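Have a look at the structure below, then the notes.
The values are calculated or read from the model by the stated rules, or taken from the named source; none is laboratory data. The structure presented is a predicted model; accordingly, all values stated were derived computationally and were not measured. With ideal geometry, Cβ positions are generated from the backbone for all residues, glycine too; neighbour counts draw on all protein chains shown. For accessibility, only protein heavy atoms count, side chains too; no ligands or nucleic acids. Shrake-Rupley method; radii C 1.70, N 1.55, O 1.52, S 1.80 Å.
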Amino acid sequence: MDSDNRSPKDGKPPQPGNGGGDPNFNWRSLILISFVVVIFGYLLFNHNVINGNAEELPYDKFVAALDNGQIFKDTTHPLTLLTEDGSSTQTINGFFSKGLPVKPDTLTAFRTTVALNYDTQLLPALKAKGLIPNPIKNNNLFLSSLLGMLPILFLMLIVYFLFRQQIRMAGKGALNFGKSKARMMARDKNKITFKDVAGVEEAKDEVQELVEFLKDPKKFQKLGGRIPKGVLMIGSPGTGKTLLARAIAGEADVPFFSISGSDFVEMFVGVGASRVRDMFEQGRKSAPCLIFIDEIDAVGRHRGHGVGGGHDEREQTLNALLVEMDGFDAQEGIIIIAATNRPDVLDPALLRPGRFDRQVTVQLPDVKGREQILKVHAKRVKIAEGVEMDTIARGTPGYSGAELANVINEAALLAARRGLKAITLSELEEARDKVRWGKERRSLALSEKEKENTAYHEAGHALLCEALENTDPVHKVTIIPRGPSLGSTMHLPLEDKHNHRKKELLDRLVVIMGGRVAEEICFGDVTSGAFGDIRQATQIARSMICELGMSENLGMVDYGGQQEPVFMGRDMGRSRDYSEATANEIDREVKKLCDDAYARAKDVIGQQRDKLDLIAKALLEYETLDGQHVRDILAHGRMLNPPKPVLSAATPTPPLPTKDTGKDKGVTLAPDYPAGFTEAPAGA
């Protein structure tokens, strides 16, 4: 019955004298401000009573008014002489008339400053006129001084009370620089469990063992096993490392602290190391517990490999982390889980057993894993009946978990724009192509000449994809601009590939050359549209020679392809591992592979020129062909189930230029090797 009057914190009624139950209300400040206001008002009133609202009358005008008889005095209009201690001057207050004759109803109050110590004739002159001033002595010098300073003091008090809370918080912040920024994740706020993580079953098994150890440590300790101190999760961006850590927090009934590697280092020296120590201190108080450090490479990089050399703040932070993880005072019950996609830059001391006892690699999902990931994300959207996720999973090799989640999201947005009630297979396929190859740019106006050139370019890629034996089948061919390219030939493998044979790579080079060869055969000239093809072919050929040992002359020797990202502190200034003669031989081998591929492409397209023309004309009419359409043209000379034709008026055609401007409109920025092995666009 009295519950409404109780404090929300402790459930007790408010005690008298504590601010009515509101601990944040400061009665002392209110009383102090009220006291200052009263004193200020009293002094101001007293000052006005003493001085009045008198007009300041200069001394010469006062003497003139005295001589003219304009100074007036009676019982209601007295004349006073004010003397202050410590002052060499006096003040005469009274009333005078600005005109003659003097009338009591036209008097004006005045105040003039005189120096009776030097002007000895003034008092006799006043007595001669019958004007004897009443003497008043003001001996409160301190009060007068305080009266002059009171406005400044009052303004300072107001500023203090307005900014008092900010001043206190600033003081606390200065003392809290060394405090850890690790956030403790509450179980009721984290709804993610292992059921929400799919496609990384092996990694789930390894980290699930940690959860079981924390729940029942005797199960492992009775055989002499000890709890791992650290688990390092390694994987490409988007594979689900952070999601897996959040699932651990959702499954474990222990405190879970989450922090980013960049949260340790600040502009002040020693802050990072202090935060590391404070983080472990919090962990010891809550042991057993889990501490998750995301992007640990921000503080865990090689020591001594800085560009400027020497000892820096980041190294102090790393040293503190190494000592806390395994130093003289070994801590039990604290498990460190870290995630990174750059294990090559981490310090070796951080990776040794005893600090990170276990390294969990989170790989890109296979076809079964991609299907599971798609089903997990499909639970949050409306999918039309009859849509099978295995179809999309087979068509998305090399996609990470984040990309698959983006595919579902883009499909939902596309279905909403089209006004559909559920997502169909068409939206999913279009979203898949948009995520990997970019959005279609149908608004880009192309001339008929450029469209025809693009059609033959893509037809060359598509023809070689189907004509050669060791290539992936064509998935889709389009001359609709998508992303940075004016057209694309998309090819997908029938199954996931983890190794690539030499014959497959050689045929891949031939397919890449098909666009430039088709332009040369059909038009007798070439364009800049093969820019991306040339770069991609060069990367594949150089990798075959320098990394994969697929050259008969150079053999199985690693010539430092340096395909991994460069760690500047370690790799800057590194010289080549081979001689100048070997470098020339590598260049000759790379050029030979590219020239042989170009010759093979020219031979195959020259033999099947009629089929090249059929594919190009179909592209000009329909703009986009599926892989089955291309295979029908090659087998039967026509499409058995052609798509809907595109109206020519839908795309405005600008007037043909009279001169080539030289702009690289057809340049394709192809992805770097080895992504081009599977699903990269074949050309512009």
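In this label model, ASP595 and ASP67 are separated by 12.2 nm, measuring between points 7 Å along each Cα→Cβ vector.
Expressed as a fraction of 2.2 N^0.38 Å, the value expected for a compact globular protein of N residues, the C-alpha radius of gyration of segment 397-545 is 1.16. Distances between every pair of Cα atoms in segment 187-277, grouped in 5 Å steps from 0 to the bin holding the largest one, split as 2, 11, 19, 19, 17, 15, 10, 5, 2, 0 percent. Multiplying each eigenvalue of the alpha-carbon gyration tensor of segment 372-412 by 5 and taking the square root yields semi-axes of 15, 12, 8 Å, largest first, rounded to whole angstroms.
Here's the list of aspartates and glutamates a cross-link from LYS591 could span, going by alpha-carbon distance under 20 Å and ignoring same-chain residues fewer than 8 apart: GLU504, ASP507, GLU520, ASP533, GLU547, GLU552, ASP558, GLU580, ASP603, ASP672.
In a fully extended conformation the segment linking ILE136 and ASP558 would gain 141.1 nm over its present Cα-Cα distance, using 0.36 nm per residue.
Would you mind telling me the share, in percent, of accessible area of segment 404-516 contributed by carbon and sulfur at probe 1.4 angstrom? Intermediate values should be presented prior to the final figure.
Numbers: 2300 of 4730 Å².
With neighbouring chains kept in place, the figure for segment 404-516 is 49 percent.
The 3J(HN,Hα) values that the Karplus relation (6.51, -1.76, 1.60; θ = phi - 60°) gives for segment 498-505 are, in residue order, 10, 10, 10, 6, 5, 5, 5, 5 Hz. Gly and Pro appear as x.
Extension gain for the segment GLN208 to LYS98, taken as residue separation times 0.36 nm less the Cα-Cα distance, is 29.4 nm to one decimal. Calculate, for THR361 and SER34, the FRET efficiency according to 1/(1 + (r/R0)^6) with r their C-beta to C-beta distance and R0 56 Å; round to the nearest 0.05. That pair, THR361 with SER34, gives E of 0.20.
Among the chymotrypsin sites (Phe, Trp or Tyr not before Pro) in segment 83-126, those placed in a DSSP loop whose Cβ has at most 12 other Cβ atoms within 10 Å are TYR118.
If a spin label sat at a point 7 angstrom from the Cα of VAL526 along the line to its beta carbon, the backbone N atoms of segment 599-623 nearer than 19 Å would be those of 599-607. Derived scalar couplings between HN and Hα for segment 207-220 equal 7, 5, 5, 5, 5, 5, 5, 5, 6, 9, x, 5, 4, 9 Hz in order, rounded to whole Hz, by the Karplus curve 6.51 cos²θ - 1.76 cosθ + 1.60 (θ = phi - 60°), x for Gly and Pro.
Under 5 Å between amide hydrogens, built in the peptide plane, is the criterion, and for ASP357 it picks out LYS229, GLY230 among residues at least 5 positions away or on other chains. Sequentially through segment 547-552, phi angles give Karplus couplings (6.51, -1.76, 1.60; θ = phi - 60°) of 10, 8, x, 9, 10, 5 Hz, Gly and Pro residues having no value and appearing as x.
With every protein chain left in place, what is the accessible area per residue of segment 367-476 in square angstrom, probe 1.4 Å?
On the way: 5140 Å² over 110 residues.
Result: 47 Å² of accessible area for each residue.
Magnitude of the charge dipole for segment 365-454, about its Cα centre and with charges confined to Cβ atoms of Lys, Arg (+1) and Asp, Glu (-1), is about 360 debye.
Treating r as the C-beta distance of GLN221 and ARG501 and R0 as 41 Å, the FRET efficiency rounds to 0.25. Calculated translational diffusion coefficient of segment 380-470 (20 °C, 1.002 mPa s; Stokes-Einstein with Kirkwood radius over alpha-carbon pairs) equals 139 µm²/s.
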